[in-house]
Every structure is written in structure tokens, then in C-alpha cells.
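Okay, structure first, notes after.
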Amino acid sequence: MLKTVTVTVALPALLTIAGGVAQNTPVRLLSASEARSVRVTESATQSPDGVRLYYRVAGSGDEVVIAPFALYHGTALDRLAAGRRVVTYDPRGRGKSAAVSPDKVSRDLLLADLDAVRRAVGGERVALIGWSGGGMETFVYAMDNPGRVGRLVQLAPVAPRFAPYSEQMMADRRKRTDQAAATALEARVKAGQFKTNPAALCRAQNDVDLPALLADTRHVTLIPDVCTSANEYPETLGAYFAGLFKSIAGFDLVPSLGKVQIPRLVIHPLQDNIPLAGNEEWVRDQPNARILTIDGSGHFPLYEQPEKTLRAIAIFLDGEWPPDARVIRSQ
């Protein structure tokens, strides 16, 4: 029988989403060993335009939590499956979902994928966990589908507007990248070493790129190997993002922030490439949104700081704010 881990939180932290004082109740968070015993099913559904979408369900219960990017999440969110169904899925053209051409990739189509998965698992009103670019996409889904989303976690999200934060993010990644390793890989590619082995090129590229996204480069071994999927090969992924970026070029969601009134928790890892100032904009002057910063993590807090990250998410999903989550007000 699965049990929850009891986490005692200081009373001042136990402010409910509605602003009152909550009871000091156990947080629904499984231990790592308990999570390994959670019932897991894998299935697929179709998008409205007929694209096969892979999804994975951990746990059982009426409460549904949905998170894009199963390929990166792996089993990392299974500890949340205490009385919940935690659904991870791969959007079109990613991971175990069907490959698509670049003209079949856009933010609107990705949001249609999310809605198809929601309907497939029978989630009338769900919580969402949007990591990285998914943090922006799940916000738009919540805005476009009022009543379908009860709570939103934006985990290491991109900032709510393209300029100036996207360039700052990429500049930080370039600064942290081992340029000698990048040059050496480029020479190997030009020499044709990976011509018949795109999976090897995928792993070699990740060996260069991933350390720049981490607080501690030794944690690179914790990131799932996504190169088992041809969707993640560099050439395929490059075309995919070219299609996606056409649909979001120059985006600015700041004027729309007030349209989403549900509780939102932004989790910002302090060593992420995304500027803190950018993620503070997600919550500034928003009465039902707060930001939690986590030290010792880059872009993958589920792997670099799993206990802090999962505990904060579990507290939030249980209807409370994590102890150190902050309101941001304009000066």
C-alpha cells in the first residue's frame, strides 16, 4: 500500500490559494521507493489532425496532472502520484509521438495536442506542469481554455516575452558552453563520422550542449537519454524548432497575464540560463501568482534539486503556497 511522505511546513507558509490559513496536513508526496511501485500505463491518442501522441499515466485517482515532454520527465514526476494521475506526454514530433513535417508544428497545434491528451485521460479540469517552453505554452492553454485548468506550475519556464530575455538566455548558454568541445564536434561532423549514425551524433551534441544548462555539470548523467528517438536527432530537431519558432516569433504575453486568474506557481532555478528578471515578470502584479527560486539548479530542477522541486509542486497541488514562494509587486 502506498503511503505519503509527511512534510511539516511552518504555519506562516500554510496560506491557501484563497489567502486563508490552511491546516497543517501531510503533503501528498511519495517517497522514491514508493514511487517505483506506482501503477504505470502507456498509451497513445490522436490529435485533431490525426497525429499519434504518446502518453504515460502514473498512479490513479480523479485528480489529473498533465505535463508535456515525457521524454525528459521520465519517472521524475511519479512521486506526485499519491491520489493523483500524473500524465506525461510527448507533443507531436517529439520523443515517442509521431514524426511530423515542420509545417505541422506551431504553438496552436501543440496546444491542440495537450487538449487531445486531456480528453483521452478523461480530465475535465486538470492541473498542468509546464517545463521550459512548455511553461509558456501551458499558460496560453489555460488562457484559451478557462475552466479546464485548476492550477498551473511553470517549471523553469521561458520568460513571458521574447525580447530581451531570449537573447540573454542564449548568450548565457553560449558563455557556459565548452567552445573547444563544440569546435571538435563540428570537425567530426564535417569529416563524416556520424553520417550513418545519427543517434551517436545526437548523443555527442548533447554532451556538448547539456552541461551549459546545469548548475553542476556532473549532473548531466541524470538527464534521460532522448536520443533513442529519431525525433530528437539534431537535423530533425532543427527543422522542428524552425517550424515552431515561426509561430511564436516576437511573442509578448505580458499584456495577457491578467487573463489567467487560476493559481500559478513559477519555479525559477537560480542557475538557469533564463534570467530571473524574465521569470519575475510572469508573476509581477498578479494577485494569484507567486515565484519560488531554487538554488543549486539549472534548467533541470527535477534532476538537480528533486526534493525541493517536487515538495514545492506537491504543496501547491494540495492547495497551498510553498513556504518561500514570493509575490512580486511593481515598485
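Just to be sure, is I17 modelled with pLDDT under 95 and closer than 20 Å to A142 by Cα? Yes.
Hey, does the range 169-190 have a residue that's buried (at least 17 other Cβ atoms within 10 Å of the Cβ) and either within 26 Å of V65 (Cβ to Cβ) or polar (S, T, N, Q) (or both)? Looking for residues that are buried (at least 17 other Cβ atoms within 10 Å of the Cβ) and either within 26 Å of V65 (Cβ to Cβ) or polar (S, T, N, Q) (or both), one finds none in the range 169-190, hence no. Listed by first and then second residue, the pairs linking a residue in the range 151-166 that is aromatic (F, W, Y) to a residue that is in a loop (DSSP other than H, G, I, E, B) and crowded, with 22+ Cβ neighbours inside 10 Å, with Cβ atoms under 8 Å apart and 6 or more places separating them unless they lie on different chains, are Y165/V158; Y165/A159; Y165/I274. Taking helices (runs of 4 or more DSSP H) that fall entirely within the range 144-236, which contain at least 1 residues that are touching a helix residue (DSSP H, G or I) at 6+ places or on another chain (Cβ under 9 Å) and among the polar types (S, T, N, Q)? Here the list reads 165-176, 198-209. Quick check on the range 277-328: of everything there that is in contact (Cβ under 8 Å) with a residue 60 or more places away in the chain and of a type in the set (S, T, N, Q), which residue is farthest from V158 (Cα to Cα)? Here the answer is N288.
Screening K96 on (1) under 20 Å from R151 (Cβ atoms); (2) open to solvent by 10 Å² or more (accessible area, probe 1.4 Å); (3) not aliphatic (A, V, I, L, M) shows it passes everything except condition (1).
Per-residue answers, yes or no, for (1) among the small types (G, A, S); (2) open to solvent by 60 Å² or more (accessible area, probe 1.4 Å); (3) at pLDDT 95 or above:
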{"site": "L201", "(1), (2), (3)": "no, no, yes"}
{"site": "V208", "(1), (2), (3)": "no, no, yes"}
{"site": "A212", "(1), (2), (3)": "yes, no, yes"}
{"site": "A215", "(1), (2), (3)": "yes, no, yes"}
{"site": "R218", "(1), (2), (3)": "no, yes, yes"}
{"site": "I223", "(1), (2), (3)": "no, no, yes"}
{"site": "Y233", "(1), (2), (3)": "no, no, yes"}
{"site": "G238", "(1), (2), (3)": "yes, no, yes"}
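Is it the case, given these coordinates, that L270 is open to solvent by less than 10 Å² (accessible area, probe 1.4 Å) and at pLDDT 95 or above? Judged against the criteria, L270 is not a match. From the list E307, E320, the one residue that fits, being buried (at least 17 other Cβ atoms within 10 Å of the Cβ) and charged (D, E, K, R), is E320. Tell me, yes or no, whether the range 59-82 has at least one residue that is assigned to a strand (DSSP E or B) and open to solvent by 10 Å² or more (accessible area, probe 1.4 Å). Looking for residues that are assigned to a strand (DSSP E or B) and open to solvent by 10 Å² or more (accessible area, probe 1.4 Å), one finds at least one in the range 59-82, hence yes.
Taking the conditions exactly as written (within 30 Å of P263 (Cβ to Cβ), under 18 Å from the mean Cα position of the chain (by Cα) and hydroxyl-bearing (S, T, Y)), does S247 satisfy them or not? When the stated conditions are applied, S247 does not pass them. For the range 26-58, which residues satisfy the criterion of being assigned to a loop (DSSP other than H, G, I, E, B), open to solvent by 40 Å² or more (accessible area, probe 1.4 Å) and touching a Lys or Arg at 6+ places or on another chain (Cβ under 8 Å)? Listed by number, the residues that qualify are R28, D49. Take the conditions (1) touching a strand residue (DSSP E or B) at 6+ places or on another chain (Cβ under 8 Å); (2) under 23 Å from V149 (Cα atoms); (3) among the basic types (K, R); (4) open to solvent by 20 Å² or more (accessible area, probe 1.4 Å); R264 misses just one of them, which is (4).
The values are calculated or read from the model by the stated rules, or taken from the named source; none is laboratory data. The model shown is predicted, which means the values in this text are computed figures rather than measured ones. Don't worry about glycine lacking a Cβ; one is built from the backbone with ideal geometry, like all the others, and counts go over all protein chains shown. Protein only, heavy atoms only, side chains kept; ligands, DNA and RNA dropped before computing areas. Shrake-Rupley method; radii C 1.70, N 1.55, O 1.52, S 1.80 Å.
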